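Have a look at the structure below before the remarks.
The values are calculated or read from the model by the stated rules, or taken from the named source; none is laboratory data. Computed from a prediction, not measured in an experiment: that's the story for all the values here. Virtual Cβ from ideal backbone geometry, glycine too; neighbours counted across all protein chains shown. For the accessible areas, the whole protein counts, side chains as well, though only heavy atoms, and no ligand, DNA or RNA atoms are used. Shrake-Rupley method; radii C 1.70, N 1.55, O 1.52, S 1.80 Å.
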Amino acid sequence: MGLSRRLVLGSFLAVVLVATPKALAGQDNGEPVVIGHRYTVHSQILDEDRPVLVHTPAGYEGSLAHFPVIYVLDGPDHFHHTSGTMEFLAANNRMPHAIVVAVPNTSDRTHDLTPPVTVPDTANQFPTAGGADDFLRFLQDELRPWVEREYRTAPYRILIGHSFGGLFATHALINEPQAFNAYISISPALWWDDETWKEKAESMFEDHPDLNGSLYITMGSEGGMMLAGAWGLTRILETSAPESFRWKWTPMPAEDHGSVPHRSTYDGLEWLFDGWQMPDFFQVVMEQGDSGLAKIDWHYAELSERFGYDVRAPEATMNQLGYFLIQQERVDDAVRVLASNVHRYPESANVYDSLGDAFDAACRWEEAREHYARAYEKASAVSHPNTEIYRANLDRITAKIREGEACTPPGSTGS
């Protein structure tokens with residue numbers, strides 16, 4: 001049967017505010033803030049049930065957009081701070097919103113995350129090690145298809161691993177370089193098996209001279225074999241990685257082995273999506289005519305080419321710009337901006353309602369009514385939470401038309 005969803009355990013994690021005296025007295029129990037869901041899936045490759053934690057980005061339920069996927073190893077340790085970091089960066093337009101899929105360990109973390117052993121000393125010290133190839137097959141051939149079946153995903157995948165997880169991320173890159181588009185390897189245990197991975201790393205780049213991907217490597221305040229292994233990888237990258245492969249090595253001496261994942265995740269995601277932010281959105285849109293819109297579309301066309309999937313100017317940002325232009329009494333420009341949002345997101349109810357507001361401000365009431373009606377129709381079909389708001393706008397503009405109210409567009413001297 002392959003991988004199947006066996007059991008939905010409901011909301012995985014709730015962050016509840018500290019109880020106040022009123023709450024303790026039973027007057028206010030508060031509401032949980034849910035950041036994700038926990039599932040159990042069955043793997044034929046591993047012959048066991050595996051827990052999976054999933055966080056969908058803000059606005060996921062109210063859109064039809066597709067999102068990149070961040071796969072996080074050692075799931076419970078990193079699910080919360082990774083999803084929070086993603087939301088913060090995305091809210092500040094430093095990266096796209098993404099789905100976070102965290103994979104908890106089961107009974108033997110060492111087995112899952114370590115490559116096959118060839119050195120006797122390593123085998124003696126870690127007798128259960130060496131299951132990384134099967135675990136990678138599970139991620140590629142079972143978990144990924146399940147995620148892509150259950151969620152709206154874009155064809156861009158990131159793997160994040162720490163310590164043995166960082167070793168696993170490096171192993172995945174070396175052995176299946178196109179399994180993921182980007183890798184964040186945090187304080188990786190590259191001392192593993194006397195660094196026998198080096199030869200395979202060098203030959204991998206020789207075999208893939210046009211490899212297109214990204215690798216971000218960090219190391220906390222750890223010397224000895226940990227630091228030596230990371231240096232060994234950076235030397236190979238310096239001499240063998242093609243220009244098409246982006247990589248960055250960042251020592252973090254202020255962080256220890258336990259604290260380094262959070263800083264590495266933030267910095268790694270920000271570096272990976274360097275250039276994502278459209279600078280001076282408001283300045284660009286203030287340009288007369290369509291030149292500002294052309295610059296915005298050019299920026300996102302470049303991102304689409306770079307990341308290999310359709311990247312559009314954010315619906316909410318373009319909406320905000322449209323309303324800003326209405327406030328500036330530049331209603332014709334507002335109509336252009338909000339009409340472009342309808343073109344980008346034709347399945348969204350809200351873009352039609354917003355364009356209706358622009359036509360309303362421009363005294364183009366018949367066109368406003370047409371778009372309010374479209375917003376209400378689309379919202380009703382999916383039980384959108386703003387359905388009644390869209391209906392109220394439709395009723396309001398219909399009454400204006402029926403009563404023949406006078407209207408003077410902004411910037412006009414009137415009669």
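Matching residues to (1) aromatic (Phe, Trp, Tyr); (2) over 26 Å from Thr56 (Cα atoms); (3) at pLDDT 95 or above:
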residue	(1), (2), (3)
Leu113	no, no, yes
Pro116	no, yes, no
Val119	no, yes, no
Ala123	no, yes, no
Asp133	no, yes, yes
Asp141	no, no, yes
Glu148	no, no, yes
Tyr151	yes, no, yes
Tyr156	yes, no, yes
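Pull up region 232-272, narrow it to residues that are hydrophobic (A, V, I, L, M, F, W, C), over 23 Å from His208 (Cα atoms) and in contact (Cβ under 8 Å) with a residue 60 or more places away in the chain, then point me to the one that is surrounded by the most Cβ atoms within 10 Å (Cβ to Cβ).
Leu269
Filter region 94-141 down to the residues that are in a loop (DSSP other than H, G, I, E, B) and within 22 Å of Arg38 (Cβ to Cβ), then identify the one that is most open to solvent (accessible area, probe 1.4 Å).
Going through region 94-141, the residues in a loop (DSSP other than H, G, I, E, B) turn out to be 94-98, 104-108, 114-119, 126-131.
Next cut, within 22 Å of Arg38 (Cβ to Cβ) only: 97-98, 104-108.
Numbers: His97: 55, Ala98: 2, Pro104: 7, Asn105: 51, Thr106: 51, Ser107: 115, Asp108: 44 Å².
Top of the filtered list is Ser107.
Six or more apart or on different chains, Cβ atoms under 8 Å: show the pairs whose first residue is in region 379-402 and within 13 Å of Gly62 (Cα to Cα) and open to solvent by 50 Å² or more (accessible area, probe 1.4 Å) and whose second is part of a helix (DSSP H, G or I) and of a type in the set (Gly, Ala, Ser).
Val382/Ala349; Asn386/Ala349; Asn386/Ala379
Which of the strands (runs of 3 or more DSSP E) contained wholly in region 1-90 include at least 1 residues that are modelled with pLDDT of 85 or more and exposed (fewer than 14 other Cβ atoms within 10 Å of the Cβ)? Give the steps one after another, and end with the answer.
Values: elements: 5-15, 33-43, 48-55, 67-73.
Output list reads 33-43, 48-55.
Among the residues of region 156-175 satisfying the criterion of being of a type in the set (S, T, N, Q) and open to solvent by 10 Å² or more (accessible area, probe 1.4 Å), which is farthest from the chain's Cα centre (by Cα)? Before you say what the answer is, go through the steps one by one.
Filtering region 156-175 for residues of a type in the set (S, T, N, Q) gives 163, 170, 175.
Subsequent filtering for residues that are open to solvent by 10 Å² or more (accessible area, probe 1.4 Å) retains 163, 175.
Values: Ser163: 23, Asn175: 25 Å.
Taking the candidates together, the pick is Asn175.
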